[in-house]
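What follows is a short report on a single structure.
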C-alpha cells in the first residue's frame, strides 16, 4: 500500500473522517509521527452544556407540572446530543473523541431510560478522562457511574434484594466476554455491587453502607469481602480482559472479520505490561496487519455523518435550529442517535447498516448534507474540469479511488456539483472503508 493510501486508511479509522488537508499534513509528517500526534491527549475544553440541578416534580405535582418536567428533560437530552455531534466534528484531537464514542457503544447506556442529561454528560466525561488510561481505574470508575447504575438497575441492588443486571453485563459485555465467568460469579458479583444509590437531581452516586453485603464472596476462584472497587479491580486484571479488549478494539477500528491469532497475541501482550488502554490502542494502529484491513468496515451512521460534515466544512453549531433537528432526525432514520443505543449490547455493525431502508435514509440525509456544504467545498468541485470532477470529489471525501461502475455514475452527474456530492456520500467506496 502506498504511503498516502496507508496514512489515509489510518486517518479514516482513527478519526471521524479526515479532510484532504489533514491527509496532506500527515503524509508530510509520516506514519509514525502521525500515530504519535493522534495519540496525544485532548487538551481542549469540552464546553459541555450546563444544566441547573434541582429536584424533579414532587409526588404532589400536577399532571401539567409533570409534563413540563418531562419536556424539559427531553430538551436537555436533545441539547446534549446536538452538542456532542458538534464536538465530534470540531474536536482537534479526533482519536480522543472517537474513543469516547467507542466507549459509549461499549458501555452502552441510553438516555431513554436514564432520562437525565446531567448523568449522561457525566458518563461521557468519565470516558474522556479515564477511557485511555489504566483499565483498572477505568472499570472502578464505571461501576460507580450514576448513568450506568440507573441503566442497569444498580440502585435496586441491596443486601436484601440482590439485582444481577450490572454484575452480569459487567462481565459479559464490558470486561471479560462470554465463557469467561459462571453463574456463581454473577451472583457473587451482584453482592459485591450492592449499596449504591443515585441522586438524579445532582447527577451523583452515593454508597449507602447499610445496603451493602459485607460478607465474603467467591468470584472467579478468589474469596474475599469484595465491594464494588475490589470486584472491578479483579475483573480488570484478568487475562481474559486483555483478550476481550483487543478483540473489541479490533472489531471497531480495524475489521469486522475475526481478529487473527497473531494480532490478538501482539495486542494482548502490549496491553499486559501496564494494563493501559493507550498501549493497546497504539499497538493496534501500528500493527503489521492493520493496513491490510482496508475495506473491511462499514461506517456507523454517526461516523458517516460526522465525517461528511467535517469534509464538507459544516459546523453543526452554526446550523439553524431547524437544520440541527433535521440532522438528528436523519441519524434517527439511520437508527443511530448518540445517547440512544438500542440495548446494553450497543449498536449493530457491518451489513446491518446496509439495508434497503437504511440506504433510503442515507440518501435523504446525504441530500441535506450536500445542501449545507460550505461554499469552499462546492467551489473545489466547480473549479475542476467537468471530466476531472470525480477525482476532485475523491480527494474532497478522502476516497482512494472509484470503481469503474461508481465512476461511470459520477461522470454522468459531474455537471451538477451538489448532486455529485450526494452520490459520493452514498457510494460504496465512501460507506465502506
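Values quoted throughout were computed directly from the atomic coordinates according to the rules given, and no laboratory measurement underlies them. Because the structure is predicted, anything quoted here is derived from the model rather than measured. Cβ coordinates were reconstructed from backbone atoms using ideal geometry, including for glycine residues, and neighbour counts include every protein chain displayed.
Under a Gaussian network description of the chain, with springs only between Cα atoms under 10 Å, the residue in 141, 214, 47 that fluctuates furthest is 47.
Could you please state, rounded to a whole Å, how far the C-alpha centre of the stretch 168-236 is from the C-alpha centre of the stretch 57-129? The stretch 168-236 and the stretch 57-129 have Cα centres spaced 25 Å from each other. In the chain, the calculated helix contribution to ellipticity at 222 nm averages -17000 deg cm²/dmol per residue, counting -39,500 (n - 2.57) for every DSSP H run with n ≥ 4. Measuring how big the stretch 146-245 is from its alpha-carbon positions, Rg and Dmax come out at 13.0, 39 Å. Taking only the Cα atoms of the stretch 95-166, the ratio Rg/Rh comes out at 0.99, with Rh defined as the Kirkwood radius. Considering only 390, 341, 57, the mean-square fluctuation computed in a Gaussian network model of the chain, springs between alpha carbons under 10 angstrom, is largest for 57. Quick one: angle between helix 20-29 and the longest Cα principal axis of the chain, in degrees between 0 and 90, rounded to 10, please. The angle comes out near 80 degrees. Just so you know, the Cα atoms of the stretch 56-110 work out to an Rg and Dmax of 16.2, 48 Å.
Comparing 133, 177, 221 in a Gaussian network model of the chain, where Cα atoms under 10 Å apart are tied by springs, the biggest mean-square fluctuation is seen for 221. A Förster radius of 60 Å combined with the Cβ-Cβ distance from residue 208 to residue 364 puts the calculated FRET efficiency at roughly 0.75.
Of the listed peptides 327-335, 304-312, what is their order by residue-averaged count of other C-beta atoms within 10 Å, with the highest listed first?
Details: 327-335: 18.6, 304-312: 25.3.
Highest mean packing first, the order is 304-312, 327-335.
Distance between the 7 Å Cα→Cβ label points at residue 288 and residue 4: 2.8 nm. For a label point 7 angstrom out from the Cα of residue 329 toward its Cβ, which stretches of the stretch 62-86 have the backbone nitrogen within less than 15 Å? Residues passing the 15 Å test: none. Measuring max minus min along each principal axis, the C-alpha atoms of the stretch 371-429 give extents of 28, 19, 17 Å (largest first).
With each label modelled as a point 7 angstrom along the Cα→C-beta vector, the residue 50-residue 416 pair spans 4.9 nm.
Percent of C-alpha pairs per 5 Å bin in the stretch 301-431, short distances first: 2, 10, 21, 22, 19, 13, 8, 3, 1, 0. Relative to the longest principal axis of the Cα atoms of the chain, the long axis of helix 239-253 lies at roughly 30 degrees. The slack in the chain from residue 225 to residue 318, taken as 0.36 nm per residue of separation less the alpha-carbon distance, amounts to 28.1 nm. Here the stretch 293-353 is treated as a sphere whose radius is the Kirkwood value from Cα pairs; by Stokes-Einstein at 4 °C and 1.567 mPa s it diffuses with a coefficient of 101 µm²/s.
Mind checking the angle between helix 117-130 and the chain's longest principal axis? C-alpha axes, 0 to 90 degrees, to the nearest 10. Roughly 80 degrees between the two axes. For the chain, taking Cα atoms only, Rg and Dmax work out to 23.0, 76 Å respectively. Between the alpha-carbon centres of the stretch 276-322 and the stretch 344-397 there is a gap of 14 Å.
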